[in-house]
Amino acid sequence: MAEKFKDFINWVLITQCANNLIGFKLCCENMFDKGAIFRWIHGATMRNIPELVLSFCPAEPFELPYCVVTCGSLRVLKLELDGAILTLPNHFEFYQLKLLILVNVELSNEHSASCLFSRCSVLEKLIFNGPTF
């Protein structure tokens with residue numbers, strides 16, 4: 001059953017790329033298949049999403065996929081990581097991100113925080129809820 005579900009989501013997000021998405025919300029409380037999650041996020045970012053919500057409980061630090069930090073259409077990003085550490089790619093820029101919401105996200109140190117915020121040049125609103133660093 002789980003494989004059929006994954007196949008269906010892959011088919012919708014990856015092979016049906018003609019239409020843009022208004023937003024994409026991915027919540028995985030008990031299942032964390034990193035490969036499938038990254039494929040789905042990549043498929044969503046390829047469809048010009050303005051809003052992305054990611055909510056899951058990774059057992060290890062979560063690296064924000066490069067396709068998210070370079071998505072030119074992304075205006076709103078909400079991350080809920082159940083206290084997990086967020087790691088960032090080496091080179092990135094949120095070109096259009098106006099709202100960043102971090103819920104129970106832990107940044108590894110102050111350098112990570114300053115790096116993240118300095119790369120959000122048009123950010124209008126930042127919301128923290130829970131651990132930060």
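Derivation of every value follows stated rules applied to the coordinates shown; laboratory data play no part. As the structure is a prediction and not an experimental result, all values here were calculated from the model. Heads up, the Cβs are rebuilt from the backbone with ideal geometry, glycines too, and the neighbour counts pull from every protein chain shown.
Values computed for the structure shown
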| read-out | value |
| --- | --- |
| Gained length - SER108 relative to GLU29, 0.36 nm times residue gap less alpha-carbon distance | 26.2 nm |
| Three-way shape label, region 1-78, alpha-carbon gyration tensor, a/c 1.5 | oblate |
| Helix runs (DSSP H) in the chain reaching 15 Å along axis by Cα, Kyte-Doolittle at least -0.5 | 34-45 |
| Sequence-distant residues sharing a close amide H with ASN104 (under 5 Å, placed H) | ASN129, GLY130 |
| Residue among ASN90, ASN48, ASN19 with the largest mean-square fluctuation in a Gaussian network model of the chain, springs linking Cα atoms under 10 Å | ASN90 |
| Pair PHE5, LYS98: separation of 7 Å Cα→Cβ label points (nm) | 3.4 |
| Cα convex hull volume per residue for the chain (Å³) | 97 |
